[in-house]
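Read through the structure below, which is laid out as structure tokens, and then see the notes.
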Ligand SMILES: [Ca+2]
Ligand SMILES: [Ca+2]
Ligand SMILES: [Ca+2]
Ligand SMILES: [Ca+2]
């Protein structure tokens, strides 16, 4: 998301009063217009009507369309503009979409498993001072690793996009029996010293000792550094192009300051998720993070420049 502004004069009416715009722009997805009340401009400005002018500016600024905030509750509808295609709700959301279907013998990538192991869509966005992540999958979070079943993996973060996953956001399976499923605290953020890996050495080629190291599955060892807001859903239908399929959603957010204190330099990074078998992997790479000026700071700057305009007008 970016903040921008440009000047382009036009007249508009608000509350039966005529305004001339002097600044329009965007803060993230929110459009705003600042304007000067024509009636007030024609009078000699006093401190009293300057206050009225300031109030009018703020009211205008806040009249734009606000982006709905993300609520971490396991319902990802606010992330989506289209539930059939999984298209994200706005350009600030980075998305990887790979919705497959079929029975357990259906190939995904790099392994098999069809809808029951399908990683379908992974999303990431930054709002305010938090990184939000959402996942849609056909894999039941409550499926435990046992025999030929494999439980859910954790969310792995690779700063530098160099294949070394520094941080993990942990999912702890309440039905877990294996050490991978039972590791740590649900929603805990860990600085990871060791990952588990899946079954695949190359697409369709199984291995027990040469896993693909850029497909980490679950946290094996690490230090807990924070807690994410973390939620996951029960089975849902009505999404994707395969109408009979069931889906499960994960949603979480972590503090940006915590990420920077733990190795993030603000450049683009990868977020990865898969199951403990790594039958289907998914990766999303949020852009470099550019902090936005706070909206009130921007309005403050606008009012300050208005004061400057008034002084110049008075001097002339
Ligand atoms: Ca939600
Ligand atoms: Ca699917
Ligand atoms: Ca998939
Ligand atoms: Ca790295």
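The values are calculated or read from the model by the stated rules, or taken from the named source; none is laboratory data. Predicted, not measured: the structure shown is a model, and the values here were computed from it. Positions of Cβ are backbone-derived with ideal geometry, glycine not excepted, and every protein chain shown enters the neighbour counts.
Points worth noting:
- So residue 160, is it at pLDDT below 95, more than 12 Å from residue 272 (Cβ to Cβ) and more than 16 Å from ligand 3 (Cβ to nearest atom): yes
- Among (1) surrounded by fewer than 20 Cβ atoms within 10 Å (Cβ to Cβ); (2) over 13 Å from the mean Cα position of the chain (by Cα); (3) within 16 Å of ligand 3 (Cβ to nearest atom); (4) touching a residue at least 24 places away in the same chain (Cβ under 8 Å), the one test that residue 110 misses: (1)
- Within segment 137-161, the only residue that satisfies the criterion of being under 28 Å from residue 257 (Cβ atoms) and within 16 Å of ligand 2 (Cβ to nearest atom) is 152.
- When segment 71-107 is filtered for residues that are within 15 Å of ligand 2 (Cβ to nearest atom), touching a residue at least 60 places away in the same chain (Cβ under 8 Å) and out of contact with any strand residue (DSSP E or B) (no Cβ under 7 Å at 6 or more places or on another chain), the ones remaining, listed by number, are 83, 84, 85, 100, 101, 107.
- Checking every residue in segment 58-72 against the condition of being buried (at least 16 other Cβ atoms within 10 Å of the Cβ), at pLDDT 95 or above and within 15 Å of ligand 1 (Cβ to nearest atom) gives at least one match.
- Residue in segment 166-189 that is over 30 Å from residue 239 (Cα atoms), within 16 Å of ligand 4 (Cβ to nearest atom) and surrounded by fewer than 22 Cβ atoms within 10 Å (Cβ to Cβ) present: yes
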